[in-house]
Amino acid sequence: MLRFDPFGDVDALTRGLLQSAGSSRTPRFMPMDLCKLDGHYLLTADLPGVDPGSVDVSVDNGVLTLSAQRSPRSEDGVQWLTNERPFGSYRRQLSLGDGVDAAGITARYDNGVLSVTIPIAERAKPRRVEIEHPDTQQSIEAAAG
């Protein structure tokens, strides 16, 4: 029986495009979550096994860049039975809007998770507009006609 899977070719093409040209063991992406809390955004990215000193967070011209490096193990005399963990560079970039305070961004790398706190700028926070009321009441007089 011959089966035709129209999505099989698309999946194979996508896998080929997403793989790095060098090695299939090169990291392909940095999974992350982004949420909005009270007065800030919180970005968390999974970077298990990366060298802590290689983690870098920078902001340039409204673009937040996250990068990290996982080095290959270089032990002499090791005979690998399986070696599937990728090594190489990770990099993600996000465009920041005008509503964030780029100077107040902080980052922490703990147990393989990078957490980046991005404060919302004061000018972008919602605020309540007060409505003015006159102190004296005005009366309307009707002219008798």
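The values are calculated or read from the model by the stated rules, or taken from the named source; none is laboratory data. Everything numeric in this text was worked out from a predicted model, so none of it was measured. A quick note on method: Cβ atoms are made from the backbone with ideal geometry, for glycine too, and the neighbour counts reach across all protein chains shown.
Can you find even one residue in the range 106-126 that is modelled with pLDDT under 85 and in a loop (DSSP other than H, G, I, E, B)?
So far as the range 106-126 goes, yes, one or more of its residues are modelled with pLDDT under 85 and in a loop (DSSP other than H, G, I, E, B).
Which residues, counting only those in the range 55-92, are among the polar types (S, T, N, Q) and under 20 Å from T106 (Cβ atoms)? Break it down into steps so the answer makes sense when it comes.
Taking the range 55-92 and keeping what is among the polar types (S, T, N, Q), we get 58, 61, 65, 67, 69, 71, 74, 79, 82-83, 89.
Correct list: S58, N61, T65, S67.
Which count do you get for residues in the range 95-105 that are surrounded by fewer than 16 Cβ atoms within 10 Å (Cβ to Cβ) and part of a strand (DSSP E or B)?
Looking only at that region, the number is 1.
Looking only at residues that are touching a residue at least 12 places away in the same chain (Cβ under 8 Å) and aromatic (F, W, Y) in the range 61-102, which one is farthest from L114 (Cα to Cα)?
F87
Select from the range 26-67 the residues that are over 16 Å from P86 (Cα atoms), small (G, A, S) and part of a strand (DSSP E or B) and list them in ascending order.
Across the range 26-67, the qualifying residues are A45, S58.
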